[in-house]
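Single-structure report; data block below.
Only the coordinates and a few stated rules stand behind these numbers; no lab work does. All values reported here derive from a predicted model rather than from experimental measurement. Methodologically, a virtual Cβ is constructed for each residue, glycine included, from the backbone with ideal geometry; neighbour enumeration extends over all protein chains shown.
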Amino acid sequence: MSADSVIPFGFESLPVRGALIHLSHYWRRMLRDHDYGALVTETLGHAAAATGLIAHSLKFDGSITLQIQSRGVLRMLVMQCTSDLELRGLASARPAGDVSIFADLIDDGHCAVTVDNGKRPYQGIVDINAESLSASLEHYFARSVQVPSHIALVANEQVAGGVLLQQVPGRPIDSDDWNRLHFLTGTLGGRDFHGDAGIGLIGKLFAEDDVRVYEPRAVSFRCRCSQQKTEDVLKMLGEAEARETLESEGVIEVVCEYCGRRRNFDAVDIERLFVGNVVRGPDSVQ
Ligand SMILES: [Zn+2]
């Protein structure tokens, strides 16, 4: 099994549920067609780990999308994960060189978390504080979902990982225990995710606790772009623009920003796409 997985776990003597996510192969695949700076890469990895952890907790078929917009170097970030743990995402940064401080990366930013259960999507929005994405997401859990949570995220160009701990609703926990777990998750670092993190890491992290580990679930990178969706986008752009591009370029190439897949449309394709739109007046007769 690939190392890319979510491992659920629980504490025998504390009302806390947890999950550990470890992304390596598919995380590098997500980065492959992009050239992000170090801090954008790290933040995208944090978003990937967080989104996977939240998607894992969904109790229905659907997806969760995390979207960040800011006036800082990071203009936009979007990360989506289905309840089957298929992940995709990308970021767009201003060409302002690399930055080293999170507050410069995301200035005046907010994060929208959209949960889509196939019927009625609902969205929670949190401001991103200058500290970190994980602190912002803890606010989201406390305010929008009303489940006290600790989330720790780590990422670099090789791995993205994290741990989410959530209190079991209706069962109070001693604040010393909760603070102790917060401290422990805060010790997670990138080195913990090199090699086989998995169950060993959970045991190491919570060595003093009785932890029960459940069956891991595989996470994969999967883009949901398709020929049909690409054609729909071309149709939305409109016939005039499509024909103009075709005339100057000879072919229309559409590249999926998520997975890098290229799709080409030539004159015949464009003719077929807009066949219903053809209006032949006296001016267009050739
Ligand atoms: Zn794609």
- Task: Kindly establish whether S220 is polar (S, T, N, Q) and closer than 30 Å to G161 by Cα.
- Result: yes
- Could you check segment 170-286 for strands (runs of 3 or more DSSP E) lying wholly inside it with 2 or more residues that are among the β-branched types (V, I, T) and within 16 Å of the ligand (Cβ to nearest atom)? 252-255
- Filter segment 228-263 for residues that are polar (S, T, N, Q) and exposed (fewer than 11 other Cβ atoms within 10 Å of the Cβ); the one that is nearest to P15 (Cα to Cα) is Q228
- Considering only segment 4-24, state which residues are over 21 Å from D177 (Cβ atoms) and not in a strand (DSSP E or B). D4, S24
- Any residue at all in segment 208-224 that is under 28 Å from S100 (Cβ atoms), surrounded by fewer than 17 Cβ atoms within 10 Å (Cβ to Cβ) and of a type in the set (G, A, S)? no
- Message: Against the definition (surrounded by 14 or more Cβ atoms within 10 Å (Cβ to Cβ), free of Cβ contacts under 8 Å to residues at least 60 places away in the same chain and among the hydrophobic types (A, V, I, L, M, F, W, C)), how does L188 come out, yes or no?
- Response: yes
- Kindly establish whether L20 is within 30 Å of S175 (Cα to Cα) and not small (G, A, S). yes
- Note on the structure: Those strands (runs of 3 or more DSSP E) completely within segment 86-136 that have 2 or more residues that are buried (at least 19 other Cβ atoms within 10 Å of the Cβ) are 86-93, 110-116
- Message: So, in segment 155-198, how many residues would count as being among the aliphatic types (A, V, I, L, M) and under 23 Å from the mean Cα position of the chain (by Cα)?
- Response: 8
